[in-house]
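The values are calculated or read from the model by the stated rules, or taken from the named source; none is laboratory data. Since we're looking at a predicted model, the values are computed, not measured. All Cβ positions, glycine included, derive from the backbone under ideal geometry; neighbour counts span all protein chains shown. Please note that ligands, DNA and RNA were not included when accessible areas were found on the heavy atoms of the full protein model with its side chains. Shrake-Rupley method; radii C 1.70, N 1.55, O 1.52, S 1.80 Å.
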Amino acid sequence: LAALTNYCGSTYQSWKGGSSLLFWRWNSPTLARDGIKPYIKQRLPHSKAQPRIKNAEEKDLIFDKIIKYINRGYLIICDYKSLSNFIDYFAVQKGKTDIRLVFNGTSCGLNYATWSSRFWLPMSGSMTRILSFGYAVVDIDLGEMFLNFPIHAQLHTSVGIDLTPFKQQLIKAGIFQTNQGEKIAARWTRLCFGLNQSPEHS
């Protein structure tokens, strides 16, 4: 159902409805449906990291990104108390009128608690040494590639984000009701930028 919702809401030019993996309807759990089980090397953190917002203009730009993730099913609103760990997030300038929203799995301790393989490129020269005459190098922006892949249930309570600063905007958008509590939070359903496991698991 999630995959159909994503695909039916998209256009030829853009994944406006979000994107999902398509998988066979097997009886046993699949990696495409449930995500890859993380390797947890120590106790998962219990951090209540708050978003870093500089001013009202930046707040509006951050909200535009957040509401897009919610509408595409990448983030779902949760009971604030059900989440044990919040990921810190902040905006980085992208051109003159846009931002890139950065989620930091290291500052909250989540990246220290989980392990994943590394694929380091030691130096830029390491790549150029394997090229020969007539070769071409291409830089491809894969956009929301990580967000195609589900995050495993073992991490669901550890990948929350605090949305309390955007409470009034979420109420106005019909996402949150006034009787649902003072604080508001969401959790990732997909691998997000800033998690050490995202490159390997995607």
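Numbers at a glance
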{"read-out": "So Ile140, is it under 25 Å from Asn6 (Cα atoms), open to solvent by 90 Å² or more (accessible area, probe 1.4 Å) and not in a strand (DSSP E or B)", "value": "yes"}
{"read-out": "Residues within the stretch 165-202 that are among the β-branched types (Val, Ile, Thr), open to solvent by less than 70 Å² (accessible area, probe 1.4 Å) and not in a loop (DSSP other than H, G, I, E, B), tallied", "value": "1"}
{"read-out": "Of all residues making up the stretch 52-76, the number that are open to solvent by 30 Å² or more (accessible area, probe 1.4 Å), within 23 Å of Ala2 (Cα to Cα) and either without any contact (Cβ under 8 Å) to a residue 24 or more places away in the chain or hydroxyl-bearing (Ser, Thr, Tyr) (or both)", "value": "2"}
{"read-out": "Entirely in the stretch 1-76, the helices (runs of 4 or more DSSP H) that have 2 or more residues that are under 23 Å from Ile161 (Cβ atoms) and touching a strand residue (DSSP E or B) at 6+ places or on another chain (Cβ under 7 Å)", "value": "56-71"}
{"read-out": "Test: residue in the stretch 181-191 that is under 21 Å from Lys16 (Cα atoms), free of Cβ contacts under 8 Å to residues at least 24 places away in the same chain and of a type in the set (Ser, Thr, Tyr)", "value": "no"}
{"read-out": "The stretch 77-106, subset part of a loop (DSSP other than H, G, I, E, B) and open to solvent by 70 Å² or more (accessible area, probe 1.4 Å), residue modelled with the highest pLDDT", "value": "Asp79"}
{"read-out": "Pairs where the first residue, in the stretch 113-125, is modelled with pLDDT under 85 and of a type in the set (D, E, K, R) and the second is surrounded by 10 or more Cβ atoms within 10 Å (Cβ to Cβ) and part of a strand (DSSP E or B), C-beta under 7 Å, 6+ apart", "value": "none"}
